[in-house]
Structure formats: structure tokens, C-alpha cells
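Everything on this sheet refers to the single structure shown next.
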Amino acid sequence: MRIDIIANPSINQNADAILAVTAALEDLGVDVVPFQAGSVPDFHICLGGDGSVLRAVRKTFGDNAPFININTGSLGYLTCSHIFDARAALARIITGDFRIEERTTLEAAVCKKDAAESAPFHALNDIVAMRGDSGRISAMELSVNGDCVTTFLCDGIIIATPTGSTAYSLSAGGPILMPDTPAILVNIICPHTLTSRPLVLPDDSEIRVRITQSYSPVSFSCDGDVAFSLEPGDCFFVKKSPVRVRLVTLPDSGPFDKLRRKLNWCGALI
């Protein structure tokens with residue numbers, strides 16, 4: 001078995017985590033190989049938090065190797081173990097005591113005025129268009145499958161996967177979707193009208209957002225990585241990607257368990 005390790009070197013605790021994980025894998029008889037784009041191991045191990053996982057997914061997009069994500073931070077929705085429990089978790093995984101969750105990803109393309117459509121961008125969490133620094137709201141027209149929904153006066157729009165429903169969209173008041181829900185979530189950031197509500201669309205929907213008014217450039221980002229500045233008349237298209245990201249999870253850790261721990265949900269005696 002061949003496993004590589006992907007870690008963000010700017011996170012101080014990752015240096016010790018790499019040594020600990022490497023030692024644990026070698027004790028289990030696993031070949032630890034250097035990460036190299038284009039070389040596909042049996043598993044990727046990603047060390048860090050959810051941001052590190054998203055960066056690792058971008059580096060390896062489409063190679064189909066499952067991710068064993070080990071949290072060295074605090075939140076870690078996308079991780080299956082904390083670094084303190086990593087040795088025990090890895091021992092279980094190496095012996096086959098694990099499940100693989102296949103997560104939906106999004107594919108987006110930008111079409112600027114008088115320019116060809118961009119190459120596709122991909123996201124595991126979300127595609128976001130956010131107003132610039134003018135301090136004034138933007139107008140964004142949403143269409144689904146060629147049908148104009150409405151034009152939102154807002155600070156921005158989030159188009160998220162079920163995985164991304166617990167990321168930026170959750171902070172913006174969106175619903176939580178189970179990871180295997182066949183849906184795409186559209187959530188409006190600070191809409192000008194209180195009647196605006198999140199939309200949960202079938203995952204075969206094709207979405208277009210056109211910037212109709214903006215007092216400063218609108219930033220277009222995929223999983224937090226800003227890719228374009230959009231002006232009035234520019235638009236972008238989003239649909240489900242055929243590529244799915246495979247995340248390793250332990251059988252005794254389901255989505256509700258993560259929500260209880262990460263969101264501090266607990267019962268109260270009355």
C-alpha cells in the first residue's frame with residue numbers, strides 16, 4: 001500500500017504531525033511516498049483543517065484516490081480523525097475498517113463580456129460571487145435551467161454542494177444538507193429583502209448568475225480561491241461535476257455525530 005501526505009507547511013503543528021503520521025504508517029507496514037501531482041497513491045493523507053483539505057482536493061482533482069483527512073486544528077468537518085487519535089484511526093483504516101463517502105463537486109465557468117467562456121473551475125464546497133469594496137449592494141440575476149428566477153439585490157450569492165452547506169452558506173443562514181443529498185444549494189448573502197430564502201435545487205440543475213449592477217468589481221471564487229473579478233454584464237454558469245471526491249470516514253462516525261461535536265449540539269434537562 002502506498003500513501004502520500006499533503007500538509008500546509010505554514011501551519012506550525014504540521015511538522016510534528018507529519019513525523020507522527022509517518023512513524024505510525026511505517027509501523028503499520030505502509031510505504032509513505034512523497035506527494036507528486038499526477039502520481040496516484042492508494043490514499044492521500046491530508047493534515048490540517050477544512051481549508052487544507054480544499055487545497056489538497058484542488059491539487060489532486062480527479063485522480064480518484066480517497067482522502068484520509070486528519071485534523072490538526074479545531075473545526076474539521078471534512079476530517080475523520082484528530083491528530084491525537086491518528087495512530088488508532090490509521091490502524092483501523094489499514095485493516096479495512098472504514099467507509100468511503102463520495103462527495104459531489106461543482107463545475108463552474110465564467111463568461112465575461114466580449115470574451116470566450118473560461119476553462120472550468122471546480123469546488124467541493126462552494127462557488128461564491130461577492131460584492132466588492134464599494135459598500136453598496138450588487139444586483140445578481142439568477143436563472144435555473146434557462147428559467148429566470150429573479151434578480152437579487154444583495155451582497156453576494158453562494159452556490160454550494162451538500163458538503164459546503166456547513167461552510168460559508170451555514171454562516172449566511174443556510175440549511176444543513178446531509179452529504180449524500182442529491183441537491184445544489186443556492187443561498188443569498190445579505191439580501192435587500194427579507195423574503196429572499198435559500199433554494200435547494202435538484203443536482204442536475206444548470207445555474208446561471210449574471211451581474212446586472214455593481215459599483216465595484218464582484219469577486220468570483222471557488223472554495224475560497226478568488227479566480228475572477230466580474231463586472232456588470234458578466235455571468236457565470238454552475239452545474240454538478242462528473243468528478244466526485246472520496247473521503248475516508250470511520251464506521252462509528254456519521255454526519256449527525258459530527259454535527260453534535262462541531263456545532264456543540266447537546267440535550268438539556270427540563
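Descriptive notes on the structure:
Each row is one residue, and each column tells you yes or no for (1) small (Gly, Ala, Ser); (2) at pLDDT below 95; (3) outside any loop (DSSP other than H, G, I, E, B); (4) buried (at least 16 other Cβ atoms within 10 Å of the Cβ).
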residue	(1), (2), (3), (4)
GLU117	no, yes, no, no
GLU141	no, no, yes, yes
THR150	no, no, yes, no
ILE158	no, no, yes, yes
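This table checks each residue for (1) touching a strand residue (DSSP E or B) at 6+ places or on another chain (Cβ under 9 Å); (2) of a type outside the set (Ser, Thr, Tyr); (3) open to solvent by 30 Å² or more (accessible area, probe 1.4 Å).
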position: ILE11; (1), (2), (3): yes, yes, yes
position: ALA20; (1), (2), (3): no, yes, yes
position: SER39; (1), (2), (3): yes, no, yes
position: VAL57; (1), (2), (3): yes, yes, no
position: PHE67; (1), (2), (3): yes, yes, no
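- Any hit, the range 218-226, residues being open to solvent by 50 Å² or more (accessible area, probe 1.4 Å), out of contact with any Asp or Glu (no Cβ under 7 Å at 6 or more places or on another chain), of a type in the set (A, V, I, L, M, F, W, C) and under 24 Å from ALA115 (Cβ atoms): yes
- Screening ASP225 against (1) at pLDDT 95 or above; (2) touching a Lys or Arg at 6+ places or on another chain (Cβ under 8 Å); (3) of a type outside the set (Gly, Ala, Ser) leaves a single unmet condition, (1).
- Flag if GLY254 is out of contact with any Phe, Trp or Tyr (no Cβ under 7 Å at 6 or more places or on another chain), at pLDDT below 85, closer than 30 Å to ALA91 by Cα and among the small types (Gly, Ala, Ser): yes
- Those residues of the range 147-180 which are touching a strand residue (DSSP E or B) at 6+ places or on another chain (Cβ under 8 Å) and more than 23 Å from GLY132 (Cα to Cα), in sequence order: CYS148, VAL149, THR161, PRO162, THR163, SER165, PRO175, LEU177, PRO179, ASP180
- Residue match in the range 45-52 (condition: under 26 Å from PRO120 (Cα atoms), touching a residue at least 60 places away in the same chain (Cβ under 8 Å) and either surrounded by 16 or more Cβ atoms within 10 Å (Cβ to Cβ) or touching a strand residue (DSSP E or B) at 6+ places or on another chain (Cβ under 6 Å) (or both)): yes
- Single condition ILE93 does not satisfy, out of (1) open to solvent by less than 70 Å² (accessible area, probe 1.4 Å); (2) at pLDDT below 95: (2)
- Flag for PRO198 being of a type outside the set (S, T, N, Q), open to solvent by 20 Å² or more (accessible area, probe 1.4 Å) and closer than 30 Å to ASN64 by Cβ: no
- Members of the range 227-250 that are open to solvent by 50 Å² or more (accessible area, probe 1.4 Å) and within 22 Å of the chain's Cα centre (by Cα): PHE228, SER229, PHE237, LYS239, LYS240, PRO242, ARG244, ARG246
Conditions tested, residue by residue: (1) closer than 30 Å to PRO202 by Cα; (2) within 23 Å of the chain's Cα centre (by Cα).
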site: ASP27; (1), (2): no, no
site: VAL30; (1), (2): no, no
site: PHE43; (1), (2): no, yes
site: SER52; (1), (2): yes, yes
site: ARG87; (1), (2): no, no
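The values are calculated or read from the model by the stated rules, or taken from the named source; none is laboratory data. Model, not experiment: these values are computed from the prediction. Note that each Cβ is placed from the backbone with ideal geometry, even for glycine, and that neighbours are counted across all protein chains shown. For the accessible areas, the whole protein counts, side chains as well, though only heavy atoms, and no ligand, DNA or RNA atoms are used. Shrake-Rupley method; radii C 1.70, N 1.55, O 1.52, S 1.80 Å.
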